[in-house]
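For reference, the structure is listed below as structure tokens.
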Amino acid sequence: MQQALVARRRPDDEAAVSEDAGTPSFWSTVREAVRGTHEQLTDIPVRRAVVLLAVPMVLEMSMESLFAIADIFFVSKLGSNAVATVGLTESMLALVYALAMGLAAGATAVISRRTGEKDMDGAAVAAVQVILAAVVLTSILGTVGVLLAPRLLALMGAEPDVVASGSGYTAVMLGGSVTIFLLFVVNAVFRGAGDAAIAMRTLWLSNAVNIALAPCFIFGLGPFPRLGVTGAAVATTVSRGLGVTYQLVMLTRGTGRLVLARRHLAVRARVLFDVLRIAAGACLQSLVETASWLGLVRILAVYGSIALAGYTLAMRIAMFALLPPWGLAMAAATLVGQNLGAKAPDRAERSVLTIARYNVLFLGTVSIAFVAVPHLLVGLFTPDVATVDNGAECLRIVAVGFLLYAYGMVVLQAFNGAGDTTTPMLVNLGTFWLFKIPLAYVLARIVGLGPRGVYIAITLAYSAQAIIARGLFRRGRWKTTQIGRDAPAAH
């Protein structure tokens, strides 16, 4: 009866709905979100749905950001060459992350749409297609990465000492890319189905194990061998593999919303096509963005390991702040997909705007700290004065654009959740390759600002991205995006 009353209310009455006697309080909702909820997110007030989905996603990304900081903290003790190795390898891994994020976006769009339609068999069929695609693709990428690790480092502009000491790290990280892919795409499956708490626990487990193992393998603590920077890659790959094992167990145990059964384990060409079609646009979207970071690294590489190390530390610290808001943005994608599946486009839009306000508030607060004390933050990771100065300048300049970026990342994920991955791809192409890379080159090389010019270009590009995305979102064409169906779904 209460759900029927909620469904008949106008959007303006939603605040009154939240005050109804039977509606849980904010903190009880938070506790429910962390434990895992069985609520239908399309049938409850928007703010409650946002909290139930966003809280575990933010906590999930908070652990991921802690991992990023802890990992570079240990590696930084090995010197600038080790930090440069991590920075260059992560730039190469950008390709892996881009493909994984693209496939994850396809999974989120299709599975959240099926979930909104209350077709969990259709969602399970789509999940199987995503996992199969991930395994096939990473088998190829991993083999190439292991065989060509030294050459790839050299192509990235690494100095000979960095190639000699860092090839093992690069080979292990690229060779273990299957764990990266599966963590991304299977967690996207959970989120799309509304099981964000399971995705949260997966990353908590994986990253907690990595934080414990990293110093053991890097420095040779106890019975562990001293592997140096390569040890960081070994710890990361092992811990991610453990997380993937947990994911697969949870997918087949039957405790969540989405359960994989024997009847789902077949290739469904039409479903696979839908997922890959959406994923292709999202992959291009991510590739355009991440490949632009490769361009920035090439521009920075001519200024030596100190510049690369400072940039790497600053961007790790920035990522520490950006990953929790990224969790909010992914919540927006899921809520858009589910509400479009439930034929409630206006509710999808309200969900996005609610999350965007939360994101701006959070990142606006963080940016004040980053602008005020960047030397203190970067100095936690290295005693080298030149590296600290370079990293602090990068962090301060990039943080200036956080307010606009906070809004832009949510809006762009809303397009992805709707299944429109082409629009964000075109926005990224324009703002990063037609604007950021040329501007970075001009400011750094021609104007003579050096690394500072690269950092200014980053801030201006993401600000432009947010402004353009806002204008396209307000036009509302994403509300009519269609996602096809398998015929018939598994029964």
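The values are calculated or read from the model by the stated rules, or taken from the named source; none is laboratory data. The structure presented is a predicted model; accordingly, all values stated were derived computationally and were not measured. With ideal geometry, Cβ positions are generated from the backbone for all residues, glycine too; neighbour counts draw on all protein chains shown.
Please identify the pairs in which a residue from region 212-235 that is farther than 18 Å from A84 by Cβ has its Cβ atom under 7 Å from the Cβ atom of a residue that is assigned to a loop (DSSP other than H, G, I, E, B) and among the small types (G, A, S), counting only partners at least 6 apart or on another chain. So the pair list comes out as C216/G222; R226/G220.
Look at G157 and say whether it is surrounded by fewer than 22 Cβ atoms within 10 Å (Cβ to Cβ), of a type outside the set (D, E, K, R) and either at positive phi or touching a strand residue (DSSP E or B) at 6+ places or on another chain (Cβ under 8 Å) (or both). When the stated conditions are applied, G157 passes them.
Criterion applied to E39, E60, E32 was being touching a Gly at 6+ places or on another chain (Cβ under 7 Å), over 23 Å from S167 (Cβ atoms), at pLDDT 75 or above and acidic (D, E), and the one residue passing it is E60. Note on region 280-310: residues that are more than 17 Å from M101 (Cα to Cα) and in contact with a Pro (Cβ under 7 Å, 6 or more places away or on another chain) total 3. Filtered by the rule that a residue be surrounded by fewer than 18 Cβ atoms within 10 Å (Cβ to Cβ) and more than 18 Å from A232 (Cβ to Cβ), region 160-178 gives a lone residue, P160.
Among the residues of region 156-179, those that are small (G, A, S), assigned to a helix (DSSP H, G or I) and in contact (Cβ under 8 Å) with a residue 24 or more places away in the chain comprise S165, G166, G168, A171, G175, S177. Before we move on, is R470 assigned to a helix (DSSP H, G or I), of a type outside the set (S, T, Y) and more than 21 Å from the chain's Cα centre (by Cα)? So R470 does not fit the description; no.
Inside region 415-460, can you point out the residues that are touching a Ser or Thr at 6+ places or on another chain (Cβ under 7 Å) and closer than 24 Å to T312 by Cα? Hits for region 415-460 are F432, W433, K436, I437. The condition of being part of a helix (DSSP H, G or I), buried (at least 21 other Cβ atoms within 10 Å of the Cβ) and in contact with a His (Cβ under 6 Å, 6 or more places away or on another chain) holds for only one of A406, A392, A414, that being A392.
Annotation: of all residues in region 295-347 being polar (S, T, N, Q) and under 30 Å from T387 (Cβ atoms), the one that is surrounded by the most Cβ atoms within 10 Å (Cβ to Cβ) is T312.
On inspection, A279 qualifies as assigned to a helix (DSSP H, G or I) and out of contact with any His (no Cβ under 8 Å at 6 or more places or on another chain). Per the conditions (1) surrounded by 23 or more Cβ atoms within 10 Å (Cβ to Cβ); (2) under 30 Å from D119 (Cα atoms), the sole criterion not satisfied by R201 is (1). Going through (1) part of a helix (DSSP H, G or I); (2) under 14 Å from A333 (Cα atoms); (3) aliphatic (A, V, I, L, M) one by one, L95 falls short only on (2). Restricting the first member to region 448-465 and to residues that are charged (D, E, K, R), and the second to residues that are modelled with pLDDT under 95, the beta-carbon pairs closer than 7 Å and six or more apart or on different chains are R452/E393. Taking region 212-227 as the range and being touching a Ser or Thr at 6+ places or on another chain (Cβ under 9 Å) and surrounded by fewer than 19 Cβ atoms within 10 Å (Cβ to Cβ) as the test, only A212 passes.
So is S286 modelled with pLDDT under 85, more than 22 Å from the chain's Cα centre (by Cα) and under 27 Å from S167 (Cβ atoms) or not? The answer is no for S286.
Looking only at residues that are crowded, with 20+ Cβ neighbours inside 10 Å and of a type in the set (S, T, Y) in region 426-458, which one is farthest from Y311 (Cα to Cα)? Going through the qualifying residues, I end up with T431. Here V271, V288, V267 are screened, and the one residue that is touching a Leu at 6+ places or on another chain (Cβ under 9 Å), part of a helix (DSSP H, G or I) and on the phi < 0 side of the Ramachandran plot is V288.
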